[in-house]
Amino acid sequence: MVKSDFEFPEFYNFPPFFTIQPVLATREKQLHLWRELILRYHTAYKIKTLIVHDCPLWKNTNLGRELDSTDISIIMNDLIESGHGEWEDLTTSTSTSTSAVHTRCRILWRTPQQLASDIYEWAQVHGFGGGGVCTVYELHSGEDVHGMSFQGADEELLRRGLEVLEHQGKCTMFQGDTSSEDGIKFY
Amino acid sequence: TMAHRRRGVGVGRSSGPKFSKKAEELKAMSAESAMETVKKLEVKITDFAKKHKSEIQEDPALRQKFLQMCAPLGIDPLLSKKGFWGSLLGMGDFYYELAVKVAEVCVASRSRNGGIISVAEVKNILSQRGTKFQLAGQSTKKYSRDDIATAISKLSTLGGGFRTVKVGASTMIVSVPTELDSDHMEIMKLAQEEEGCVTVNTVRQETQWSEERAKRALDLLLSQGMAWLDMDRGVESYWFPSVWKEGFGMDDA
């Protein structure tokens with residue numbers, strides 16, 4: 001994807017968007033919108049990791065509104081729970097306290113489960129079902145994957161998707177000469 | 001009706017058989033002439049419709065005027081697809097399809113506006129999608145806000161909780177069973193004057209209501225998702241997505 005001027009959703013200019021809503025049904029909608037915004041933004045700019053205290057989304061200067069740290073925590077927790085975010089740093093402990101301080105969040109545009117089903121569907125359509133084989137490299141950079149969600153995907157992420165598929169019995173992995181030549185046999 | 005008005009002019013107040021016979025005669029006459037007047041008007045309207053059929057089909061403004069002429073006579077040219085009016089004007093399908101599309105837009109938008117949306121916004125959404133309708137055998141994109149309101153009024157006769165409400169000069173469509181009283185409408189009207197936002201204080205200033213009354217109405221709107229809360233530097237305000245969106249560049253009627 002080419003970096004271009006990011007189009008913010010309408011809600012980004014709606015002041016209450018920056019107040020975590022007290023009414024649960026409304027809050028659900030709001031968190032959904034924040035999740036979508038975070039995913040779209042990070043994907044558009046190809047940013048793999050969200051650094052909580054650096055993220056420019058929390059503050060809309062033109063609007064004069066910003067999320068406070070409690071609000072941000074709520075949004076981050078929701079992102080993690082949805083499967084679209086993963087903490088990269090775990091607990092830290094200092095001499096005085098041990099606390100879970102999460103600052104770096106890996107952004108997963110597609111969860112491993114979603115990647116797994118996308119890959120499997122692609123495999124069926126392209127005739128790999130029933131024993132067809134392709135390499136890991138072909139999955140992220142092959143000619144046939146144009147427009148697929150896993151095109152250009154991080155290899156590690158791709159493998160996690162493939163693990164899910166293996167677990168489901170829909171494929172097996174085997175080693176190639178290099179890691180990108182590792183193969184996948186689909187069923 | 002005419003018969004009613006006649007009664008007020010003293011007919012029936014005096015006693016005596018002579019008077020009451022006269023009263024009955026007058027009543028019968030006025031009822032008869034009322035019926036005749038209505039029949040004459042019906043004929044006129046039918047003639048008008050026949051003569052201006054294509055204009056009614058193509059021009060939303062004329063169509064609206066025509067419907068307004070029909071209403072006081074109890075004529076509903078949209079009542080059925082078949083029958084006299086259905087065959088003459090062929091508009092039944094159009095309003096039905098429009099109503100279905102409008103209902104879809106309303107339901108899809110509920111999670112963000114609580115089930116209240118302006119007709120203007122609905123029209124905008126349908127226009128952006130390039131939605132077309134069949135009107136008298138032709139595909140058309142030309143329909144007005146009035147058409148949308150008319151389509152919704154058809155829906156409400158079928159049940160389903162859809163109804164239109166007036167907020168200031170705007171017409172909103174409510175698609176949830178929530179009971180909105182005049183206090184709620186008043187608040188939304190105030191919000192309309194302030195780009196979609198009110199506070200307890202601004203409501204009280206304009207209405208002279210007690211704090212309790214203002215809060216009660218605002219809390220209902222908040223709980224229904226029709227209002228969202230904005231807490232900014234200690235000040236709480238209530239924003240209405242349906243009103244706020246209306247302030248966006250909407251196309252005209």
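The values are calculated or read from the model by the stated rules, or taken from the named source; none is laboratory data. Not measured: the values here are computed from a predicted model. Note that we place each Cβ from the backbone using ideal geometry, even for glycine, and neighbour counts take in every protein chain shown. SASA here: full protein model, heavy atoms, side chains in, ligands and nucleic acids out. Shrake-Rupley method; radii C 1.70, N 1.55, O 1.52, S 1.80 Å.
Over chain B, dividing the summed -39,500 (n - 2.57) contributions of all DSSP H runs of at least 4 residues by the number of residues returns a 222 nm mean residue ellipticity of -19000 deg cm²/dmol. For segment B:226-235, backbone phi angles converted through the Karplus equation (6.51, -1.76, 1.60; θ = phi - 60°) give residue-by-residue couplings of 7, 10, 10, 8, 10, 10, 10, 6, x, 9 Hz, Gly and Pro being listed as x. Dimensions of the protein assembly as shown based on its C-alpha atoms, expressed as ranges along the principal axes with the largest first, amount to 115, 58, 36 Å. Taken per residue, the accessible surface of chain B reaches 56 Å², heavy atoms only and a 1.4 Å probe. Note on chain B: Cα convex hull, mean projected area over all directions, 18.8 nm².
For the residue pairs A:Lys59/B:Lys215; B:Lys53/B:Lys132; B:Lys50/B:Lys154, the C-alpha atoms sit more than 26 angstrom apart in A:Lys59/B:Lys215.
When only alpha carbons of segment B:40-95 are considered, Rg and Dmax amount to 10.2, 28 Å.
With all pairs of separate Cα atoms included, chain A yields a Kirkwood hydrodynamic radius of 18.7 Å. Translational diffusion coefficient of segment B:166-229 (Stokes-Einstein, Kirkwood radius from Cα pairs, 10 °C, 1.306 mPa s): 133 µm²/s. Sparsely packed loop sites in segment A:9-91 (the trypsin sites (Lys or Arg not before Pro) outside DSSP H, G, I, E and B with at most 12 other Cβ atoms within 10 Å) comprise A:Lys46. Partner shielding of A:63-71 amounts to 1, given as the average count of beta-carbon atoms from other chains within 10 Å of each residue beta-carbon. With N counted as the residues of segment A:95-161, its alpha-carbon radius of gyration over 2.2 N^0.38 Å works out to 1.51. Legend: mean number of C-beta atoms from other chains within 10 angstrom of residue C-beta atoms, peptide A:21-31, equals 5. With the helix formula -39500 (n - 2.57) applied to DSSP H stretches of n ≥ 4, chain A reaches a computed 222 nm mean residue ellipticity of -11500 deg cm²/dmol. Each of A:Val125 and A:Gln168 was given a label point 7 Å from its Cα along the Cα-to-Cβ line. The distance between the two points is 1.5 nm.
In this simple spin-label approximation, B:Leu41 and A:Gln151 carry label points 7 Å from Cα along the Cα→Cβ vector, and these lie 6.5 nm apart. Averaged over the residues of peptide B:226-235, the number of Cβ atoms from other protein chains lying within 10 Å of each residue's Cβ is 5. Restricting the trypsin sites (Lys or Arg not before Pro) of segment B:184-253 to loop positions (DSSP other than H, G, I, E, B) with no more than 12 neighbouring Cβ atoms within 10 Å leaves B:Arg233. A run of chain A free of exposed loop cleavage sites, with GluC sites (Glu not before Pro) counted only in DSSP states other than H, G, I, E and B and at most 14 other beta carbons within 10 Å, reaches its longest extent at A:89-187. Extension gain for A:Asn77 to A:Asn62 (0.36 nm times residue separation, less C-alpha to C-alpha distance): 2.7 nm.
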